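Worksheet: one structure, shown below.
The numbers here are math on the coordinates, done by the rules we state, and not lab data. Just so it is clear, the model here is predicted, and its values are computed rather than measured. As a convention, Cβ positions derive from the backbone with ideal geometry for all residues, glycine included, and neighbour counts pool all protein chains shown.
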Number of protein chains: 2
Amino acid sequence: MNVLIVYAHPDPNSLNAALKHYAIQRLQTAGHAVQVSDLYAMEWNAKLAASEIPKLENHRADILREQEKLLWADTVIFQFPLWWFSMPAIMKGWVERVYTLGFGYGVGEHSDVRWGDRYGEGTLTGKRAMLMVTAGGWESHYSPRGINGAVDELLFPIHHGILYYPGMEVLPPFMVYRTGHMDDARYAAICEELGQRLDTLATTPPIPFRRQNHGDYDIPVMTLKSEIAPGVEGFKAHLHQPPSLL
Amino acid sequence: MNVLIVYAHPDPNSLNAALKHYAIQRLQTAGHAVQVSDLYAMEWNAKLAASEIPKLENHRADILREQEKLLWADTVIFQFPLWWFSMPAIMKGWVERVYTLGFGYGVGEHSDVRWGDRYGEGTLTGKRAMLMVTAGGWESHYSPRGINGAVDELLFPIHHGILYYPGMEVLPPFMVYRTGHMDDARYAAICEELGQRLDTLATTPPIPFRRQNHGDYDIPVMTLKSEIAPGVEGFKAHLHQPPSLL
């Protein structure tokens with residue numbers, strides 16, 4: 001299959017750079033075609049301009065190239081270090097500029113039974129996406145009662161709001177914690193774990209987010225119907241299954 | 001008091017620009033001193049460079065200026081349109097570059113009873129912060145069972161992870177929804193509501209996040225002690241009071 005890696009780290013000697021290199025080799029060895037958008041190396045313009053909000057026409061060449069890569073891909077991997085509990089600015093600016101009106105949002109019709117093609121439907125329907133994230137903190141710091149916030153909630157705005165929004169199925173993230181404590185043995189184990197995830201990109205069950213236009217939400221208020229997960233509030237209400245099963 | 005407004009919108013004719021103008025006037029009329037970091041107008045460099053990770057010395061002049069503004073301020077307002085469920089890339093890049101090691105993180109000592117000065121303690125202790133956010137979606141879309149995710153959870157990574165982390169108290173956000181449907185009467189009502197929030201910046205109760213080093217967390221795993229909010233998981237576990245009271 002075709003795999004696009006959208007990558008954001010400024011240091012070519014970083015752990016992220018090494019893992020990107022490993023991932024490309026692993027995927028190519030398995031017969032996949034790989035493209036990489038190395039945002040720092042591309043000197044990606046991360047600032048959405050006033051003239052780009054919202055324009056259907058006159059997109060810049062850099063945006064069109066990234067949209068073509070997304071349309072080409074069967075699976076998109078977003079690889080980045082967790083900086084201040086989200087993706088680096090340069091990658092956020094990639095989303096803001098590449099997800100143009102009519103491509104990333106504002107797709108489909110609005111009616112009494114549909115509210116546009118989004119959250120499970122859209123331009124990128126049929127594709128899969130996975131985050132590949134490094135963090136300096138310990139895994140326990142990101143656990144369900146960890147002080148940094150549970151990782152599945154920290155990543156929800158990206159998983160649900162950026163990847164699932166235009167239609168991609170979202171695989172559980174590949175996480176590397178405590179990146180300051182790395183040695184050869186640990187790095188080898190991480191590569192092996194990553195390799196398993198890359199080998200199973202096509203078969204790993206996605207996070208079971210609820211689809212917008214399939215009966216779970218009242219339109220146009222877009223709240224869960226009272227009989228759906230009654231009493232449940234917050235991010236976890238938008239999952240078919242309780243988060244403990246994820 | 002001294003108020004710093006960190007502002008990110010590229011269009012000087014936008015609703016955000018009008019609200020910024022209103023806020024400055026309201027604050028100055030009340031006798032406060034106001035500085036504005038208008039990130040687009042400043043052509044802020046949003047890309048953290050490899051050479052900036054992590055350096056204690058040799059900060060660039062643009063970073064030092066922003067750090068001085070933060071130290072000068074009693075209250076910091078971050079004003080932005082919600083793009084893809086978070087702050088614009090240019091503002092994220094402001095955080096990444098201005099929050100240097102020894103200023104925004106890596107402050108204080110690590111021991112059996114402390115894990116650095118963070119989450120309620122740090123360089124910005126004693127200051128208050130508030131988000132001022134516009135969104136195109138309806139308020140119901142961001143309600144506790146709304147499809148975009150509950151707004152208090154969407155903003156948690158910013159509130160807790162960016163504002164509370166270096167020590168600021170965080171006020172409830174000022175939100176404007178459905179920005180595409182604006183007329184003179186609604187704009188006037190929004191300004192009045194905003195004015196009330198600006199008039200009470202010094203007295204509004206902050207979001208009751210738990211302090212890291214005051215007994216609620218086990219160190220160094222940094223998980224809530226079993227007797228604290230037993231059974232509660234996710235972002236809401238890090239509040240002293242149940243979120244329904246917020």
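Here the Karplus relation 6.51 cos²θ - 1.76 cosθ + 1.60, evaluated at θ = phi - 60°, turns the backbone of the range A:75-80 into coupling constants of 9, 10, 9, 9, 10, 6 Hz, with x for every Gly and Pro. Couplings 3J(HN,Hα) for the range B:28-38, derived from phi with the Karplus relation 6.51 cos²θ - 1.76 cosθ + 1.60 (θ = phi - 60°), are 5, 4, 7, x, 8, 8, 10, 10, 10, 9, 8 Hz, where x marks Gly and Pro. Between this copy and the others, label points of B:Ser14 are 2.6 nm apart in ascending order, each placed 7 angstrom from Cα in the Cβ direction.
Charges were assigned to the Cβ only: +1 to each Lys and Arg, -1 to each Asp and Glu. The resulting dipole of the protein assembly as shown about its Cα centre is roughly 140 debye.
With the label put 7 angstrom out from Cα along the Cα-to-Cβ vector, A:Asp199 ends up 6.7 nm from the copy partners, going from closest to farthest. Under a model in which nothing but the beta-carbon of Lys, Arg (+1) and Asp, Glu (-1) is charged, chain B shows a dipole of about 100 debye around its Cα centre.
Pairs over the 20 Å Cα-Cα cut-off, from the set A:Lys47/A:Lys92; A:Lys92/B:Lys236; A:Lys92/B:Lys47: A:Lys92/B:Lys236. Relative to the other identical copies, A:Pro220 shows label-point distances of 5.4 nm, where the label point lies 7 Å from Cα along the Cβ direction and values run shortest first. When the Cα positions of A:Ser140, A:Leu27, A:Pro10 are compared along the charge dipole of the range A:2-207, A:Pro10 comes out farthest toward the positive end, with charges on each C-beta of Lys, Arg, Asp and Glu. Loop-located GluC sites (Glu not before Pro) in the range A:63-146 (DSSP state other than H, G, I, E, B) with a sparse environment of at most 14 neighbouring Cβ atoms within 10 Å: A:Glu109. With springs connecting C-alpha atoms under 10 Å apart, model chain A as a Gaussian network and identify which of A:Pro88, A:Pro54, A:Pro172 has the largest mean-square fluctuation. It is A:Pro54.
What the Cβ-Cβ distance of A:His240 and A:Thr204 gives, at R0 = 22 Å and to the nearest 0.05, is a FRET efficiency of 0.85. With the helix formula -39500 (n - 2.57) applied to DSSP H stretches of n ≥ 4, chain B reaches a computed 222 nm mean residue ellipticity of -7000 deg cm²/dmol. The value of relative contact order for the range A:2-207, using C-alpha pairs under 8 Å at least six residues apart, is 22 percent. Oblate is the label for the range B:1-76, because the ratio a/c of its alpha-carbon gyration tensor axes (a ≥ b ≥ c) is 1.5 or higher and a/b is not greater than b/c. Comparing mean-square fluctuations of B:Asp183, B:Asp117, B:Asp199 from a GNM of chain B with C-alpha springs under 10 Å, the top value falls on B:Asp183. For the range B:2-207, the residue among B:Leu124, B:Ile162, B:Met87 whose Cα projects farthest onto the positive side of the dipole built from Cβ charges is B:Met87. Derived from the Cα gyration tensor, the three semi-axes of the equivalent ellipsoid of the protein assembly as shown are 32, 28, 24 Å, largest first. Computed from backbone phi, the HN-Hα couplings of the range B:85-91 come to 6, 7, 6, x, 3, 5, 6 Hz, rounded to whole numbers (Karplus: 6.51 cos²θ - 1.76 cosθ + 1.60, θ = phi - 60°; Gly and Pro given as x).
Over all directions, the projected convex hull of the C-alpha atoms in chain B averages 14.2 nm² in area.
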